[in-house]
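This report concerns only the one structure given below.
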Amino acid sequence: MQRKPTPEEIIAATGKTVPDIIAPNLRVLFCGINPSVYSAAVGHHFARPGNRFWRSLHSAGFTNRLLSPFEDRDLLQFGYGLTNIVDRATARADQLHPEELIQGQQQLIAKVKQYQPQFLAVLGISAYRIAFNRPKAAIGKQDEYLHGAIVWVLPNPSGLNAHYQLADLQRVYRELLVAIEA
């Protein structure tokens, strides 16, 4: 679906999932908190018009052009993949229960073990703190590794995250790219 979903389609997408875009030995596995109902309605990651993921990736230098959410599978050619801590789509991340984040972390660990990305980039500090039981975690490189993957936390690119403007997102995403290329 490359058209704007109807309000009914968006409501109907509550609880649905968006398939992972994943392959072995990625440079980075980007991990969102969970899909938005908009993303679930169209079947593509970070599809909600206010989401800044795609602009942040491009402006930080991860991609040579601005990809649309409908090109999310093209990330594999750059060595990047997409998944979520929780598969269930909601209107807002704060509609998730802490238990879902903790359970999702276990599923994420299994994906990292199976696919062996070089970096795991979790997009959302609050969700990371709950899911990984790291209440004092900060944005950036973490002290832990998951099955050899360097764990990095980035801000949630949702337009609802007013703490980070696009320039701020570009800066912290760029810090990850510099670490990858080091």
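The values are calculated or read from the model by the stated rules, or taken from the named source; none is laboratory data. Predicted, not measured: the structure shown is a model, and the values here were computed from it. No Cβ is skipped: glycine too gets one built from the backbone with ideal geometry, and neighbour counts run over all protein chains shown. Heads up: the accessible areas ignore ligands, DNA and RNA and are worked out on the full protein's heavy atoms, side chains in. Shrake-Rupley method; radii C 1.70, N 1.55, O 1.52, S 1.80 Å.
Filtering segment 125-176 to residues that are of a type in the set (A, V, I, L, M, F, W, C) and either in contact with a His (Cβ under 8 Å, 6 or more places away or on another chain) or open to solvent by 40 Å² or more (accessible area, probe 1.4 Å) (or both) leaves I130, A138, I139, L160, A162, L166, A167. Against the list (1) modelled with pLDDT under 95; (2) over 18 Å from W54 (Cα atoms), the condition V112 fails is (1). Out of H44, H58, one residue alone is open to solvent by 30 Å² or more (accessible area, probe 1.4 Å), within 14 Å of the chain's Cα centre (by Cα) and not basic (K, R). It is H44.
In segment 64-85, the residue that is least open to solvent (accessible area, probe 1.4 Å) out of those that are touching a Lys or Arg at 6+ places or on another chain (Cβ under 8 Å) and not hydroxyl-bearing (S, T, Y) is G79. Taken together, the residues in segment 155-170 that are touching a helix residue (DSSP H, G or I) at 6+ places or on another chain (Cβ under 9 Å) and touching a residue at least 40 places away in the same chain (Cβ under 8 Å) amount to 7. None of A60, A47, A13, A23 is closer than 20 Å to R88 by Cβ and touching a residue at least 40 places away in the same chain (Cβ under 8 Å) except A13.
Anything in segment 116-134 that is assigned to a helix (DSSP H, G or I) and of a type in the set (V, I, T)? List them, or say none. Selection gives I125, I130. Restricting the first residue to segment 131-145 and requiring it to be free of Cβ contacts under 8 Å to residues at least 24 places away in the same chain, which pairs with a second residue that is of a type in the set (A, V, I, L, M) and open to solvent by less than 100 Å² (accessible area, probe 1.4 Å) meet a Cβ separation below 7 Å and a spacing of at least six or different chains? Cβ pairs passing all conditions: A137/I125; A137/V153; Q142/V151; Q142/V153; E144/V151; Y145/V151.
Of note, R88 does not satisfy the criterion of being surrounded by fewer than 19 Cβ atoms within 10 Å (Cβ to Cβ), free of Cβ contacts under 8 Å to residues at least 60 places away in the same chain and either within 15 Å of the chain's Cα centre (by Cα) or over 21 Å from Y38 (Cβ atoms) (or both).
Each residue in segment 4-45 was checked for being in contact with a Lys or Arg (Cβ under 8 Å, 6 or more places away or on another chain) and among the aromatic types (F, W, Y), and 1 of them qualify. State whether one or more residues within segment 33-41 are free of Cβ contacts under 8 Å to residues at least 12 places away in the same chain and either within 21 Å of E175 (Cα to Cα) or surrounded by fewer than 16 Cβ atoms within 10 Å (Cβ to Cβ) (or both). The answer is no, given that none of the residues of segment 33-41 is free of Cβ contacts under 8 Å to residues at least 12 places away in the same chain and either within 21 Å of E175 (Cα to Cα) or surrounded by fewer than 16 Cβ atoms within 10 Å (Cβ to Cβ) (or both).
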